[in-house]
Amino acid sequence: MIPEIEKLPRVKLGFFPTPLAEAQRLSSVLGGPRILIKREDLTGLALGGNKCRKLEFMMADIEEKGYDAVISTAGSQSNWCLQVAAAARKLGMEAAFVHFSGVHPEVQGNLLLHNILGVQNKILEGRIKWEGPRMVLTGNYATEKDRVMGQLVEKFREKGRKAIILNAGVDINDPYNLQGASAYVDAVEELEKQLEAQNVDANYLVFAQGLGTTHAGLILGVKVLKLSIKPVGIAVSRPTAEGIDNVVINANATAKFLGLDVSITPDEVTVYDDYFGAGYGEMTEQFLEAIKLVAQTEGIFLDPVYTGKAMAGLIDLIKKGRFKSTDTIVFIHTGGIPALFAYNKEIAS
Ligand SMILES: Cc1ncc(COP(=O)(O)O)c(C=O)c1O
């Protein structure tokens with residue numbers, strides 16, 4: 001293990017290594033590139049996903065500091081919030097969330113699972129839409145969320161609990177974000193061993209990119225371990241320029257945090273922003289085709305907000321010749337499956 005990561009406090013929440021599986025039928029339907037799927041949807045906590053790795057580091061630190069309640073914020077079908085809720089429960093903590101309503105604020109998918117976990121949810125009005133060169137967050141969520149989270153901290157305090165607010169953001173002054181990216185530096189080492197054991201020489205890592213902390217960790221891991229595999233992010237919520245900035249800033253802050261002597265420049269970062277449609281969580285025809293294709297060739301479910309759109313990007317980039325039939329691609333399935341159930345009408349119609 002990279003010694004700098006080994007030194008970080010860590011609590012076991014998931015099952016690692018996650019499988020690296022050959023997707024032979026999918027590859028052959030797409031006419032060529034060898035595709036393997038890294039099953040981060042099988043991390044084991046709740047219904048799996050990429051945030052489990054990050055939370056192993058974050059929650060260890062939170063426990064060590066004596067917190068016994070966590071509060072966070074994101075969209076109503078947020079996989080991050082679900083993973084935080086499940087991790088909190090596993091460690092005997094309380095949890096509460098402030099969500100923006102997004103596309104599906106009904107008690108389905110992730111919100112249904114929150115209900116079973118018995119954590120509090122407050123939903124404010126808000127939706128992320130594509131307006132010209134920018135994503136815009138509509139509604140009162142942006143102006144109200146901090147006040148509402150403050151109220152939740154106070155309520156926990158009245159109950160004798162010590163609550164911490166966790167941000168899923170890319171603020172490099174927040175050490176928890178850097179621990180999050182560090183978890184994916186660690187994941188690269190895990191993947192390297194699997195590729196070696198399976199005798200696979202991979203050219204690309206393709207995955208869904210939201211805030212970019214996963215990408216930051218992956219690109220840093222690849223550089224530190226001197227691998228020739230190239231990470232390619234498929235944006236689900238932000239334009240390319242912003243995605244690249246997030247990755248560079250985060251990767252370099254994480255390198256500093258871990259004491260690694262490497263740095264990342266913008267020209268090294270690849271992000272495609274052609275596949276999120278009208279905005280975050282908004283339906284596209286391509287994602288629908290992608291999730292059906294992967295289910296019907298591999299028996300694997302992707303999600304509607306992240307991995308379905310990433311796969312739609314991969315399929316299109318293969319069609320356009322960006323990836324060649326001789327390439328080997330590792331698609332990282334970062335989880336998110338519960339949200340499928342919230343999108344039942346779009347998917348079934
Ligand atoms: C299922 C899934 N995939 C991918 C991502 C993107 O990760 P990042 O925000 O680190 O880019 C997320 C983030 O919430 C997610 O829930």
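The values are calculated or read from the model by the stated rules, or taken from the named source; none is laboratory data. Just so we're clear, the structure is a prediction, and the values are computed from it rather than from any experiment. Here the Cβ is made from the backbone with ideal geometry for all residues, glycine too, and neighbour counts use every protein chain on show. Note: accessible area is taken over every heavy atom of the protein model, side chains too, but ligands, DNA and RNA are not part of it. Shrake-Rupley method; radii C 1.70, N 1.55, O 1.52, S 1.80 Å.
Figures for the structure shown
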quantity	calculated
Hits in the range 11-27 - residues which are in a loop (DSSP other than H, G, I, E, B) and either out of contact with any Lys or Arg (no Cβ under 8 Å at 6 or more places or on another chain) or at pLDDT below 95 (or both)	Val11, Lys12, Phe15, Ala23
Unmet requirement for Ala339, which otherwise passes all of (1) over 28 Å from Pro175 (Cβ atoms); (2) more than 13 Å from the ligand (Cβ to nearest atom)	(2)
The range 186-213 residues that are over 17 Å from Thr326 (Cβ atoms), paired with ones that are among the aromatic types (Phe, Trp, Tyr) and more than 16 Å from the ligand (Cβ to nearest atom) (beta carbon under 8 Å, 6 or more apart)	Glu190/Phe16
Among (1) of a type in the set (Val, Ile, Thr); (2) in contact with a helix residue (DSSP H, G or I) (Cβ under 8 Å, 6 or more places away or on another chain); (3) closer than 23 Å to Tyr275 by Cα - the single one Thr240 does not satisfy	(2)
The range 205-236, residues that are in a loop (DSSP other than H, G, I, E, B), within 20 Å of Asn50 (Cα to Cα) and open to solvent by 20 Å² or more (accessible area, probe 1.4 Å)	Leu211
Of all residues making up the range 282-308, the number that are within 18 Å of Leu47 (Cβ to Cβ), assigned to a loop (DSSP other than H, G, I, E, B) and either within 17 Å of the chain's Cα centre (by Cα) or modelled with pLDDT under 95 (or both)	6
Selected residue (criterion: farthest from the ligand (Cβ to nearest atom)) from residues of the range 188-204 that are of a type in the set (A, V, I, L, M, F, W, C) and surrounded by fewer than 24 Cβ atoms within 10 Å (Cβ to Cβ)	Ala197
Looking only at the range 238-274, and only at residues there that are among the polar types (S, T, N, Q) and under 24 Å from Thr284 (Cβ atoms), the one that is nearest to the chain's Cα centre (by Cα)	Asn246
Test result for Ala183, assigned to a helix (DSSP H, G or I), within 16 Å of the ligand (Cβ to nearest atom), at pLDDT 95 or above and not charged (D, E, K, R)	yes
Members of the range 75-97 that are open to solvent by less than 10 Å² (accessible area, probe 1.4 Å), away from the ligand (no atom under 16 Å from the Cβ) and part of a helix (DSSP H, G or I)	Ala88
Subset tally (residues that are touching a Ser or Thr at 6+ places or on another chain (Cβ under 7 Å) and among the hydrophobic types (A, V, I, L, M, F, W, C)) for the range 29-56	4
In the range 285-320, residue surrounded by the fewest Cβ atoms within 10 Å (Cβ to Cβ) [restricted to those that are of a type in the set (Val, Ile, Thr) and within 16 Å of the ligand (Cβ to nearest atom)]	Ile300
Selection count, the range 151-180, where residues are assigned to a loop (DSSP other than H, G, I, E, B) and either open to solvent by 60 Å² or more (accessible area, probe 1.4 Å) or without any contact (Cβ under 8 Å) to a residue 24 or more places away in the chain (or both)	9
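Here is a yes/no grid of residues against (1) at pLDDT below 95; (2) basic (Lys, Arg); (3) more than 20 Å from the chain's Cα centre (by Cα):
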| residue | (1), (2), (3) |
| --- | --- |
| His114 | no, no, no |
| Glu125 | no, no, yes |
| Arg161 | no, yes, yes |
| Asp171 | yes, no, no |
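Conditions (1) hydroxyl-bearing (Ser, Thr, Tyr); (2) surrounded by fewer than 17 Cβ atoms within 10 Å (Cβ to Cβ); (3) touching a Leu at 6+ places or on another chain (Cβ under 9 Å), marked per residue:
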residue: Thr73; (1), (2), (3): yes, no, yes
residue: His99; (1), (2), (3): no, no, yes
residue: Ile116; (1), (2), (3): no, yes, no
residue: Lys145; (1), (2), (3): no, no, yes
